[in-house]
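The values are calculated or read from the model by the stated rules, or taken from the named source; none is laboratory data. Keep in mind that what you see is a predicted model, and the values were worked out from it rather than measured. Positions of Cβ are generated from backbone atoms using ideal geometry, with glycine treated the same way; all protein chains shown enter the neighbour counts. Ligands, DNA and RNA are stripped out before the accessible areas are found, and what is left, the full protein with its side chains, is counted by its heavy atoms. Shrake-Rupley method; radii C 1.70, N 1.55, O 1.52, S 1.80 Å.
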Amino acid sequence: MICLGIESTAHTFGVGIVDANGTILSNVIRPFTTKKGGIIPGRAADHHAEICDLALGEALVAAKIKMKDVGLVAFSQGPGIGQCLQVGAFAARTLSLANKLPLVGVNHCIAHLEIGKLLTGANDPVLLYVSGTNTQVIASGEGRYRIIGETLDIGVGNFLDSFARHIGLGFPGGPRIEELAVKGTKYIDLPYVVKGMDISLGGILTNLKQKFDSGLGKEDLCFSLQETVFAMLIEVSERAMAHLGNDELLLGGGVACNSRLQEMARVMCLDRGAKLFVPADRKVLVDNGAMIAWAGLLAFKRGGALNISDSFIKPYWRTDQF
Ligand code: AMP
Ligand code: MG
């Protein structure tokens, strides 16, 4: 069975097509970006509505199939930005009804975990999921997914994007911060906020903004930001692995594209004799439709189709409610 998956939880509209063996036939990603300023939910949703038809067509052409070859439609049901989620859900319902295809709703965070497992061969890893809105350490246990640790306020991607916006970079800011960080030479002390298994980023963001406004250099601040915040993420991941006796770490989410974060994770795993798994293709790390299609195939096998009347979006859907 071939599944077509639609992603639209935040700034990215994606259409991915995956077969039952987990072969990705296509993965079209159309992100909403800005040169200045951040993501405005209404504008991002308008962007998704504008390009959804185009993205669908491109995905079918790239997969060398027609809509009649598709057997299942999956969509990101949550968590995410309501306005953006609505566009994907509406597109998926329409495709399902017009083509008489079963529909499944997918938990976006779990899709990151499942595509990572599929592509890296990780068996039952701890997932450090670091994306725009979400920052969670996830592991399975007793037949469900558990959030072992998470951010108490903003996601690390949003944190990076907010600081980037403050210092005049566009959206998304994570990749620009990574470029500047390489040029930093001096470590500037920042708050380090780990509370048990959780982290908090709001105070560090305020502190960084104040330091920038007082004249400290962008490069050193970006360097220090990465060293501090990534160390916090690696600390809670390591503690999760130690408590669970789990020797596999998987990275997922857009921030996992960052080379310094990957390097820190590699060093930590090496130190404790654990294995690090990072999907080689950045297109499956960021938000994308292929991961929704694959998680959709798994969800369909497990629980069957979703009624249209139950296909409402779930902006606050928690990973551990799955
Ligand atoms: P996602 O929501 O999973 O698509 O991830 C989007 C987030 O990833 C945005 O906040 C980006 O700023 C961030 N991001 C993308 N590439 C990088 C990078 N190389 N370093 C840090 N953050 C990144
Ligand atoms: Mg994501």
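Each residue in region 230-272 was checked for being surrounded by 21 or more Cβ atoms within 10 Å (Cβ to Cβ) and within 15 Å of residue 173 (Cα to Cα), and 5 pass. Just one of the listed residues (113, 101) is within 16 Å of ligand 1 (Cβ to nearest atom), of a type in the set (A, V, I, L, M), on the phi < 0 side of the Ramachandran plot and in contact (Cβ under 8 Å) with a residue 24 or more places away in the chain, and it is 113. Being more than 16 Å from ligand 1 (Cβ to nearest atom) and in the same structural domain as residue 265 (by TED's automatic domain parsing) is true of residue 140. Just give me the residues in region 61-89 being of a type outside the set (Val, Ile, Thr), over 21 Å from the mean Cα position of the chain (by Cα) and surrounded by fewer than 20 Cβ atoms within 10 Å (Cβ to Cβ), in sequence order. Selection gives 62, 64, 66, 67, 68, 69, 71. When region 240-280 is filtered for residues that are under 19 Å from residue 109 (Cβ atoms) and in a helix (DSSP H, G or I), the ones remaining, listed by number, are 240, 241, 244, 254, 255, 256, 257, 261, 265. In this structure, does residue 53 turn out to be more than 16 Å from ligand 1 (Cβ to nearest atom), touching a residue at least 40 places away in the same chain (Cβ under 8 Å) and of a type in the set (Asp, Glu)? Against the criterion (more than 16 Å from ligand 1 (Cβ to nearest atom), touching a residue at least 40 places away in the same chain (Cβ under 8 Å) and of a type in the set (Asp, Glu)), residue 53 does not qualify.
Would you confirm, using the coordinates I've provided, whether residue 94 is over 16 Å from residue 18 (Cβ atoms), surrounded by fewer than 22 Cβ atoms within 10 Å (Cβ to Cβ) and in contact (Cβ under 8 Å) with a residue 12 or more places away in the chain? Considered against the rule, which asks whether it is over 16 Å from residue 18 (Cβ atoms), surrounded by fewer than 22 Cβ atoms within 10 Å (Cβ to Cβ) and in contact (Cβ under 8 Å) with a residue 12 or more places away in the chain, residue 94 comes out as no.
Of the set (1) touching a Phe, Trp or Tyr at 6+ places or on another chain (Cβ under 8 Å); (2) open to solvent by 10 Å² or more (accessible area, probe 1.4 Å); (3) under 16 Å from residue 106 (Cβ atoms), all apply to residue 38 but (3).
Evaluated against (1) closer than 30 Å to residue 117 by Cβ; (2) in contact (Cβ under 8 Å) with a residue 40 or more places away in the chain; (3) of a type in the set (S, T, N, Q); (4) within 14 Å of ligand 1 (Cβ to nearest atom), residue 200 falls short on exactly one condition, (4). For beta carbons closer than 6 Å, sequence separation of 6+ or different chains, a first residue in region 235-246 that is modelled with pLDDT of 95 or more and a second that is part of a helix (DSSP H, G or I), the qualifying pairs are 238/268.
Please work out which residue is least open to solvent (accessible area, probe 1.4 Å), limiting yourself to region 281-322 and to residues that are part of a loop (DSSP other than H, G, I, E, B) and within 17 Å of residue 96 (Cβ to Cβ). Break it down into steps so the answer makes sense when it comes.
First pass over region 281-322, keeping only residues part of a loop (DSSP other than H, G, I, E, B): 281, 286-288, 304-307, 311-318, 322.
Subsequent filtering for residues that are within 17 Å of residue 96 (Cβ to Cβ) retains 304-307, 311-313.
On the way: 304: 29, 305: 59, 306: 46, 307: 94, 311: 1, 312: 112, 313: 29 Å².
Of everything passing the filter in region 281-322, 311 is least open to solvent (accessible area, probe 1.4 Å).
For region 117-169, the strands (runs of 3 or more DSSP E) that sit wholly inside it and include 2 or more residues that are within 19 Å of residue 235 (Cα to Cα) and touching a Phe, Trp or Tyr at 6+ places or on another chain (Cβ under 8 Å) are 135-141.
Condition first: closer than 18 Å to residue 241 by Cβ, small (Gly, Ala, Ser) and within 16 Å of ligand 2 (Cβ to nearest atom). Can you find one or more residues in region 98-119 that meet it? Among the residues of region 98-119, at least one is closer than 18 Å to residue 241 by Cβ, small (Gly, Ala, Ser) and within 16 Å of ligand 2 (Cβ to nearest atom), which makes the answer yes.
Within region 119-142, does at least one residue satisfy the condition of being modelled with pLDDT of 95 or more, open to solvent by 30 Å² or more (accessible area, probe 1.4 Å) and within 16 Å of the chain's Cα centre (by Cα)? Within region 119-142, one or more residues are modelled with pLDDT of 95 or more, open to solvent by 30 Å² or more (accessible area, probe 1.4 Å) and within 16 Å of the chain's Cα centre (by Cα).
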